[in-house]
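Read through the structure below, which is laid out as structure tokens, and then see the notes.
The values are calculated or read from the model by the stated rules, or taken from the named source; none is laboratory data. Keep in mind the model is a prediction, meaning the values are calculated, not measured. Here the Cβ positions follow ideal geometry from the backbone for every residue, glycine too, while neighbour counts run over all protein chains shown. Ligands, DNA and RNA are excluded from the accessible area calculation, which covers all protein heavy atoms including side chains. Shrake-Rupley method; radii C 1.70, N 1.55, O 1.52, S 1.80 Å.
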Amino acid sequence: MKRRNFISAIGTAALAAPVFGPLSSYATGSAKFNGHEFPDLGYDFNALEPYIDAQTMELHYTKHHQGYYNNFMKAAKDSKLAETPMEEIFKSISKESETIRNNGGGYYNHSLFWENMTPSQQQIPGDLRKAIEKDFGSVDKFKEEFSTASKTRFGSGWGWFALGSNGKLFVTSTPNQDNPLMDVADERGTPLLGLDVWEHAYYLKYQNKRAEYVDNFWNLIDWNVVNNRLKQANTVK
Ligand code: MN
């Protein structure tokens, strides 16, 4: 199903003033910031089958993600937050309301998540592979660490692969809709890869088997996006 075909399906009420737009230019910072946009999914709901089923994708994108976005926009309107890039807001998120923290995080995290998955299997680009091997020893060790962090995060949250301000790559997890850009995070850095481990992300297909969902995630990663995020993060330091 193409983007324009399901806009009518999710109803005009869900689509306030901002329109759908490509995420990549926003997330990579390559375009001038011009407000908060609900991003294009970039592929069909069934594109990630059999690892993520179409029904989960549709509900996750049109209900959960759209809900976080709408609630964030409602809370941010009439304040400077409406014009402030999310990365800036997260730097002092401890001073904002729970509504901004939870829904702003939910809006941003899912935008990264959709973009760092692809229906087409990919190899890890050479320079990214080298960077991973340098900081984790091997790609397998990195994957194991990321998988463990994602599987063992208690309750709802996210698994992350990120670049720290010291230039080192690391793996972490966050509760709820927090992320490593937030000043409340245990380990702070620029997110390169995120995995949603809320039950709504996998329960229809995997029920209680979160580990199976996490293991299958490795079939879906857009390593070029991860590599581009790393390059971008390195240049803005
Ligand atoms: Mn989610």
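Report the residue count in the stretch 61-84 for those that are open to solvent by less than 40 Å² (accessible area, probe 1.4 Å) and more than 16 Å from the ligand (Cβ to nearest atom).
Filtering the stretch 61-84 for residues open to solvent by less than 40 Å² (accessible area, probe 1.4 Å) gives 61-62, 65-69, 72, 76, 81-82, 84.
Now narrow it down to the ones that are more than 16 Å from the ligand (Cβ to nearest atom): 76, 81-82, 84.
Going through the stretch 61-84 one residue at a time, the tally reaches 4.
Here is a yes/no grid of residues against (1) within 20 Å of Ile100 (Cα to Cα); (2) part of a strand (DSSP E or B):
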position	(1), (2)
Phe154	no, no
Phe170	no, yes
Met182	yes, no
Glu187	no, no
Thr190	yes, yes
Leu193	no, yes
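Please enumerate the residues belonging to the stretch 42-57 that are open to solvent by 20 Å² or more (accessible area, probe 1.4 Å) and either closer than 16 Å to Arg210 by Cα or under 16 Å from the mean Cα position of the chain (by Cα) (or both).
Correct list: Gly42, Tyr43, Pro50, Tyr51, Asp53.
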Subject >> Residues within the stretch 207-231 that are of a type outside the set (Phe, Trp, Tyr), touching a residue at least 24 places away in the same chain (Cβ under 8 Å), out of contact with any strand residue (DSSP E or B) (no Cβ under 8 Å at 6 or more places or on another chain) and in a helix (DSSP H, G or I), tallied >> reply: 8
**OP:** Quick one: in the stretch 86-138, of everything that is more than 16 Å from the ligand (Cβ to nearest atom) and among the basic types (Lys, Arg), which residue is least open to solvent (accessible area, probe 1.4 Å)?
**Re:** Arg129
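Take the residues in the stretch 187-209 that are closer than 20 Å to Tyr61 by Cβ and among the charged types (D, E, K, R), then tell me which one is farthest from the ligand (Cβ to nearest atom). Reasoning before the result, please.
From the stretch 187-209, those closer than 20 Å to Tyr61 by Cβ are 191, 193-206; that's our starting set.
Still in the list and also among the charged types (D, E, K, R): 196, 199, 205.
On the way: Asp196: 4, Glu199: 9, Lys205: 14 Å.
Among those residues, the one meeting the criterion is Lys205.
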